[in-house]
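The structure appears below as structure tokens.
The values are calculated or read from the model by the stated rules, or taken from the named source; none is laboratory data. This is a predicted model, so every value here is computed, not measured. Cβ coordinates were reconstructed from backbone atoms using ideal geometry, including for glycine residues, and neighbour counts include every protein chain displayed. To get the accessible areas, we keep the full protein, side chains included, count just its heavy atoms, and leave off ligands, DNA and RNA. Shrake-Rupley method; radii C 1.70, N 1.55, O 1.52, S 1.80 Å.
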Amino acid sequence: MADGPIDGSNFNLRDEIKAYWSERASTFDLSPGHEIFSEKERAAWHALIVRHLGRSEGRAALDLACGTGVVSHLLDDLGFKVTGIDWAEPMLEHARAKATARQRNIIFRLGDAENTREPDSHYDVITNRHLVWTLVDPQAAFAEWHRILKPGGRVLIVDGDFVNMNFKEQIIAKVSVLFQRLGFASVETARTTSQLLETHRSILSRVHFSDGARASAVAEMLKMTGFENVTIDSDLRRIHHAQFGHLGFWRGMARITQHRYAIVATKERYFEK
Ligand SMILES: C[S@@+](CC[C@H](N)C(=O)[O-])C[C@H]1O[C@@H](n2cnc3c(N)ncnc32)[C@H](O)[C@@H]1O
């Protein structure tokens, strides 16, 4: 987990992560799994949020590493009062443009999920999707989220292990390559350049969860930070099935078998500093 200067420059790992996502911003929403492409998928996400965070009742939600604001919009649909924070300005520009187009009153601000500068005990719920795997210091981040949640407040994490391929994924990958070689399947084109893929690989090799963010390890760290009722939900089938048609057959198959999960955890109700 190196966060110091690289090659003698002042450009550290956090700067690299920001620059990477800033470059990804213009095409981010084109990918199924990022933006939502059907009402079936939107309903599946709403159901996941309600299952773990309950009905909104106007409660205050903070969507950390909101990116282009997909989850922020889902929370807004459900009636939460939403603030989205991300440290890549180009991502936020897309999030704000969507809020304007959809006439949504969501606040999108530049900020660091590991050091939010938000007041103590301020939010009823915190969400983040696909952030934890790329955190430089997740333990510090979880402590920060615990600090800014109200007592009884909940954090909902949606993430996955994007490093290790389980047996089923390996088989799917091999069969898809074989089918493509034999001409039975079209080659699925990636939305990123090979240079960006290399940057992604390089960043991934240096973050805290460089061996893959397994749900059990993330849950353990949440407990160590003081969160209670830490629950892993590995049943994201409804979402993944809804994404299937837009992902293409092989990527859809892989999505269904990957180690992807939601984790919900609570700040104790009678928390005293
Ligand atoms: C995979 S994208 C996910 C975006 C969004 N949560 C979603 O699911 O559509 C990861 C996002 O995390 C942001 N990010 C990574 N580390 C961050 C940090 N420490 N503070 C704020 N944003 C961060 C990146 O800028 C990027 O927008």
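Looking only at residues that are within 18 Å of the chain's Cα centre (by Cα) and among the small types (G, A, S) in region 106-133, which one is farthest from the ligand (Cβ to nearest atom)?
Among them, the one singled out is G111.
Just checking, does region 85-95 include any residue being more than 12 Å from the ligand (Cβ to nearest atom) and either modelled with pLDDT of 95 or more or over 24 Å from V50 (Cα atoms) (or both)?
no
Consider region 134-149. How many of its residues are farther than 21 Å from Y270 by Cα, open to solvent by less than 20 Å² (accessible area, probe 1.4 Å) and more than 8 Å from the ligand (Cβ to nearest atom)?
Residues meeting the conditions: 1.
For G33, are the conditions met, namely being modelled with pLDDT of 95 or more, within 16 Å of the ligand (Cβ to nearest atom) and in contact with a helix residue (DSSP H, G or I) (Cβ under 8 Å, 6 or more places away or on another chain)?
Judged against the criteria, G33 is not a match.
I'm trying to understand the selection: among the residues of region 34-66, which are within 24 Å of A242 (Cα to Cα), touching an Asp or Glu at 6+ places or on another chain (Cβ under 6 Å) and not charged (D, E, K, R)?
A65, C66
Can you work out which of the residues in region 212-231 that are surrounded by fewer than 16 Cβ atoms within 10 Å (Cβ to Cβ) and in a strand (DSSP E or B) is nearest to the chain's Cα centre (by Cα)?
In this case the residue turns out to be T231.
If you go through region 55-85, how many residues are open to solvent by 10 Å² or more (accessible area, probe 1.4 Å), over 14 Å from the mean Cα position of the chain (by Cα) and in contact (Cβ under 8 Å) with a residue 60 or more places away in the chain?
2
Which condition number in (1) open to solvent by 10 Å² or more (accessible area, probe 1.4 Å); (2) on the phi < 0 side of the Ramachandran plot; (3) not in a helix (DSSP H, G or I) is the one that H94 fails?
With respect to (1) open to solvent by 10 Å² or more (accessible area, probe 1.4 Å); (2) on the phi < 0 side of the Ramachandran plot; (3) not in a helix (DSSP H, G or I), H94 is out only on (3).
Just a yes or no: is a residue in region 7-30 over 19 Å from the mean Cα position of the chain (by Cα), crowded, with 18+ Cβ neighbours inside 10 Å, among the polar types (S, T, N, Q) and outside any strand (DSSP E or B)?
No, region 7-30 has no match at all.
Does any residue in region 159-181 that is under 21 Å from L236 (Cα atoms) come within less than 7 Å, Cβ to Cβ, of a residue that is of a type in the set (S, T, N, Q) six or more places away or on a different chain, and which pairs are these?
Listed by first residue and then by second, the contacts come to G160/Q258; N166/T257; K168/T257; E169/T257; E169/Q258; I172/T257.
Please identify the pairs in which a residue from region 130-156 that is in contact (Cβ under 8 Å) with a residue 60 or more places away in the chain and charged (D, E, K, R) has its Cβ atom under 6 Å from the Cβ atom of a residue that is outside any helix (DSSP H, G or I) and within 12 Å of the ligand (Cβ to nearest atom), counting only partners at least 6 apart or on another chain.
D137/E114
Of (1) near the ligand (Cβ under 10 Å from one of its atoms); (2) without any contact (Cβ under 8 Å) to a residue 40 or more places away in the chain, Q103 satisfies all except one. Which?
(1)
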